[in-house]
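In what follows, a single structure is set out as structure tokens and then discussed.
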Amino acid sequence: MQAGPKQLFSEELRGRFGEANRVLVLTGAGVSAESGVPTFRGGGNAAVWKGIPFEVISSAGMLERDLPAVWEWFNYRRGLLEALKPNPAHEAIARWQDRFSDFTLVTQNIDGLHQAAAAREVIELHGSIWRARCVHCAAHHNLRELRIDNGVPACFDCGSSMRPDVVLFGEMLPAGAFERAAAKAAVCELCFVVGTSAVVYPAAAIPEIARAAGAYVVEVNPERTPLSELCNEVLTGSAGEILPLLG
Ligand code: APR
């Protein structure tokens, strides 16, 4: 028998959900799993490209060595994403931005599915697969308007090579993104951690900051993570099934 909201959520959580103003949500690949996006580690099949582990093909070193191969890998991922739609977890989170007076959505995902569910002002810690950035003048270009089949696209502004505007392993996060998320985590009352294995830093530090500042931290994941111990409440299951039940 499927656990109903009454069993799934504590009175404490329901009370806080009903009263909170400052709410932060951190999401990872798991929030997009029910849309068909493969996760990197838990649950779904680990991503490997032509025998190259994703940590390698998605690394700064690979960008130096073989930019066309990096584009091929992200073109493949973008091709996978094109047909995918947001799921009820994305939709619930998008609704929350109008429910709470001070709502912050932070994602590690580059898939753009939160925005496709009408989420606004998403803090994208790891960039977006739908943007390219010039390696010379740092101009950003929207890839939805571009068809890139092979090779390396050139910057419209200065003609130099462009790279995917995604944070690769070994690279820094976009300027200010983590700082903005951390500042909101330090003042939030309620923090949801949805669909992340919580092993990649600095993203995984955000719920730790919230907890240390006294927020009520809730994890939503079918599997336990290194963060579970630290949470006030763990909701075991799929985000697409659990989040809509909250409201
Ligand atoms: N609902 C909620 N959680 C889910 C679901 C689901 N339907 N399906 C899987 N999960 C959980 C898994 O149990 C796992 O803990 O989502 C988590 C996905 O973990 P990862 O694949 O490690 O993804 P993430 O935590 O987002 O990875 C962080 O690592 O690879 C880099 O840059 C990449 O942003 C990524 C970062």
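The values are calculated or read from the model by the stated rules, or taken from the named source; none is laboratory data. No experiment lies behind these values; they were computed from the predicted model shown. Because the Cβ atoms are built from the backbone with ideal geometry, glycine has one as well, and the counts that use them run over all protein chains shown. Note: areas computed on protein heavy atoms with side chains; ligands, DNA, RNA excluded. Shrake-Rupley method; radii C 1.70, N 1.55, O 1.52, S 1.80 Å.
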Zero-based 10 Å bins, Cα pair distances in segment 1-132, whole percents: 11, 35, 31, 15, 7, 1
Using only alpha carbon positions, build the gyration tensor of segment 136-247, then give the equivalent ellipsoid semi-axes as the square roots of 5 times its eigenvalues, largest first, whole angstrom. 36, 18, 13
Of Arg95, Arg211, ordered by accessible area with the largest first and a 1.4 Å probe, the sequence is Arg95, Arg211
When the accessible area of the chain is computed with all protein chains present and a 1.4 Å probe, what percentage of it is carbon and sulfur? 53 percent
Computed FRET efficiency, Cβ-Cβ of Val152 and Lys85, R0 35 Å: what is it to the nearest 0.05? 0.75
Kindly sort Met162, Met172 by accessible area of their heavy atoms, largest first, with the probe set to 1.4 Å. Met172, Met162
List the residues whose amide H sits under 5 Å from the amide H of Val220, counting only those 5 or more places along or on another chain, with H placed 1.01 Å from N in the peptide plane. Val193, Val194, Gly195, Leu235
Nearest 10 degrees is fine. How inclined is helix 67-82 to the longest principal axis of the chain, computing both from alpha carbons? 50 degrees
Which percent of Cα pairs goes in each bin when the distances of the chain are cut into 5 angstrom slices starting at zero? 1, 6, 13, 18, 19, 16, 11, 8, 5, 2, 1, 0, 0
Semi-axes, largest first, in whole Å: what does sqrt of 5 times each Cα gyration tensor eigenvalue give for segment 68-150? 27, 15, 9
Could you compute how much accessible surface Trp49 exposes when probed at 1.4 Å, giving the result in Å² to the nearest 10? 30 Å²
Sorted list, accessible surface of protein heavy atoms, 1.4 Å probe, largest first, for Leu63, Leu105 is Leu63, Leu105
For Phe74, the accessible surface traced by a 1.4 Å probe with all protein chains present amounts, in square angstrom to the nearest 10, to 10 Å²
